[in-house]
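I have placed the structure first, in the form of structure tokens, so that the comments after it can refer back to it.
The values are calculated or read from the model by the stated rules, or taken from the named source; none is laboratory data. Since this is a predicted model, take the numbers as computed values, not measurements. All Cβ positions, even for glycine, are placed from backbone atoms using ideal geometry, and neighbour counts span all protein chains on display.
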Amino acid sequence: MHARTYKAKSKVESRKSKVPSSPFGVRRSQLTKGRRIDQHPILTFENSGPIGFFFEGRSMTGRKGETIAAALAANGIRLFRHAEKTGRPRGFFCAVGKCASCLMVVDGKPNTMVCMEPLREGVKVERQSGRGRLRGE
Amino acid sequence: MVNTTDLAIAGGGPAGLCAAITASGLGVKVVLIDDNDRLGGQLVKQTHKFFGSKRHYCGTRGMDIATTLEAELGVLPAEVLRGTSVVGLYGGRMLGLANRERFFKLGFKCLIVATGAAENNVLFQNNDLPGVYGAGAVQTLMNVYGVKPGARVLMVGSGNIGLIVSYQLIQAGIEVAAVVEALPKIGGYHVHAAKLARLGVPILTSHTVLSALGKEQVEGAVICRVGEDFKPVARTAKKLNVDTICLAVGLTPLSELLWQSGCNMVYVPELGGHVAWHDENMQTSICQVYLAGDVSGIEEASTAMLEGRVAGAHAAMQVLGPSPEAERILAESQSELCAIRKGPFGDKAACGKARLAECVPVAGVPARG
């Protein structure tokens, strides 16, 4: 289930983290400050509870009812994996489980489509390189 | 022992939902399969109000239509498999299904493929950088999860999706640097373009994106003017400070299951690519294998819902035999489809469907195996 309703009121959550500034003039601070939509003319997003998880060993917080991809995006993480042949950085593209651009290692399981995978308490999310490795391989 | 059903429906978007409601309402044993936990497909992220007549949910927001349809289905005896993907179509009328726990099979008499479409990418330098998102992805992120995809966005494509999503970005408090459109005129409805223009968003026709800047993610974009041949015009390149590039450059039908079924496939550019040949009852060249919605050609939710009703009603007659109620639904939905496609923006789809009708399929081939 999603955390969205558009009648109830929501509490705004703001988070700050240190990210180096960009050479191209986009103020990263803008991105890192309010990645959650706090005001919307049609929708309100209810915070149905924090969910703690780990990204590359770093502790992060997402929200109940969202996918791992959404939680990462809310934490300013866009680089999800490195492509198999070129090693180029990849993030999600379609966010609805069709393009397979968002494959990550989730609790040791490679090739998990994080745009479809619900965020669970304590889940360990890691960037994937290439095809990934199964445990014991 | 493999479970079987009269009618299996792959995809619980507007087309699949309407097919399920129609067929189940007529008394058919239905199993609806969707890979999300919530039904409604892409309707769940559509915050804008629909156009058209009252019967086609005019004035209602897409996400509310999803809720209404899901509730309508909820009171019917149809079985719904959520969080489940159709991973294969086997000979002998058998689907392979998988959820997070297990793989299992489902036999069927009739199948309706309502898998929808996937977003297109477009060719430019660094088009694979994180921060280059499909317009649907941006909608999912901001309208379903309340997360901003970025701070400043370049929108590529001025069709209705590009214009509507640009407006929704602004509603979410995100800046839209510009909308670029390779064609010399705006593709979508004037009302949507006018809303953006009033908010001061430049809609640059005869412009395209040349490259995304950045090493690990989008940190800028280069756009330029294009000539009538769609080639970049020299010395018109311009750098934009954006952190997100949103692509609204069309959709491609998700036809994998239909390819696998072995039915006749036809390439129709007006419909978005390869589509399965189908008749006015949405039946493919394989008897009792149907399709509905964007997978039968890219259109909109209103036509998807009608196609779903057509397929659902016809499949019901295949299972239960002819009935006046099914025939009424079939005829009504078919004539409404015609009416919509006669409208000012139905041209392209009507043309595509006409082209499809010209092809003669190898009819009545049984499912492989």
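General observations
- Any helices (runs of 4 or more DSSP H) falling wholly within region B:266-369 and containing at least 3 residues that are among the β-branched types (Val, Ile, Thr) and within 17 Å of residue B:19 (Cβ to Cβ): B:301-320
- When residues of region B:43-59 are limited to those that are assigned to a helix (DSSP H, G or I) and in contact (Cβ under 8 Å) with a residue 60 or more places away in the chain, the one farthest from residue B:308 (Cα to Cα): B:45
So that you can scan it fast, the table gives a plain yes or no per residue for (1) in a loop (DSSP other than H, G, I, E, B); (2) farther than 30 Å from residue B:169 by Cβ; (3) touching a strand residue (DSSP E or B) at 6+ places or on another chain (Cβ under 8 Å):
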{"site": "B:6", "(1), (2), (3)": "no, yes, yes"}
{"site": "B:9", "(1), (2), (3)": "no, yes, yes"}
{"site": "B:22", "(1), (2), (3)": "no, yes, no"}
{"site": "B:27", "(1), (2), (3)": "yes, yes, no"}
{"site": "B:38", "(1), (2), (3)": "yes, no, no"}
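- Restricting attention to region B:189-222, the residues being within 17 Å of residue B:122 (Cβ to Cβ) and either part of a helix (DSSP H, G or I) or more than 14 Å from every other protein chain (Cβ to nearest Cβ) (or both) number 7.
- The residue list A:101, A:129 contains one member that is out of contact with any Pro (no Cβ under 7 Å at 6 or more places or on another chain), within 20 Å of residue B:127 (Cβ to Cβ) and more than 7 Å from chain B (Cβ to nearest Cβ), which is A:101.
- Of everything in region A:34-50 that is hydrophobic (A, V, I, L, M, F, W, C) and more than 9 Å from residue B:147 (Cα to Cα), the residue that is nearest to the other protein chains (Cβ to nearest Cβ) is A:45.
- Looking only at region B:159-188, and only at residues there that are away from chain A (no Cβ under 13 Å) and among the charged types (D, E, K, R), the one that is surrounded by the most Cβ atoms within 10 Å (Cβ to Cβ): B:181
- Selection count, region B:247-265, where residues are assigned to a loop (DSSP other than H, G, I, E, B) and under 30 Å from residue B:178 (Cβ atoms): 3
- The residue of region B:158-208 that is farthest from residue B:143 (Cα to Cα), among those that are of a type in the set (Ser, Thr, Tyr) and modelled with pLDDT of 95 or more, is B:206.
- Region B:155-188, residues that are closer than 16 Å to residue B:249 by Cα, more than 22 Å from the chain's Cα centre (by Cα) and either part of a loop (DSSP other than H, G, I, E, B) or not β-branched (Val, Ile, Thr) (or both): B:178, B:182, B:183, B:184, B:185
- Enumeration of residues in region B:133-153 that are within 7 Å of chain A (Cβ to nearest Cβ) and within 21 Å of the chain's Cα centre (by Cα): B:133, B:134, B:136, B:137, B:140, B:141, B:142, B:143, B:144, B:145
- Considering the conditions (1) surrounded by fewer than 17 Cβ atoms within 10 Å (Cβ to Cβ); (2) under 13 Å from the mean Cα position of the chain (by Cα); (3) facing chain B (nearest Cβ under 7 Å), residue A:95 is excluded by exactly one of them, (1).
- Checked against the criterion of being touching a residue at least 60 places away in the same chain (Cβ under 8 Å) and over 20 Å from the mean Cα position of the chain (by Cα), the candidates B:349, B:301, B:292, B:326 yield just one match: B:326.
- Of the strands (runs of 3 or more DSSP E) lying entirely inside region A:44-117, those carrying at least 2 residues that are of a type in the set (Phe, Trp, Tyr) are A:50-55.
- Count - residues of region A:45-60 that are free of Cβ contacts under 8 Å to residues at least 40 places away in the same chain and under 15 Å from residue A:76 (Cα atoms): 3
- So residue B:104, is it in a strand (DSSP E or B), more than 20 Å from the chain's Cα centre (by Cα) and crowded, with 22+ Cβ neighbours inside 10 Å: no
- Residue A:120 being modelled with pLDDT of 95 or more and part of a loop (DSSP other than H, G, I, E, B): yes
- Any hit, region B:105-114, residues being β-branched (Val, Ile, Thr) and in the same structural domain as residue B:11 (by TED's automatic domain parsing): yes
Conditions tested, residue by residue: (1) loosely packed, with under 15 Cβ neighbours inside 10 Å; (2) under 19 Å from the mean Cα position of the chain (by Cα); (3) β-branched (Val, Ile, Thr).
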site: B:57; (1), (2), (3): no, yes, no
site: B:62; (1), (2), (3): no, yes, no
site: B:69; (1), (2), (3): no, yes, no
site: B:75; (1), (2), (3): yes, no, yes
site: B:86; (1), (2), (3): no, yes, yes
site: B:91; (1), (2), (3): yes, no, no
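- Counted residues, region B:25-42 - those being under 28 Å from residue B:327 (Cβ atoms) and either of a type outside the set (Val, Ile, Thr) or without any contact (Cβ under 8 Å) to a residue 60 or more places away in the chain (or both): 8
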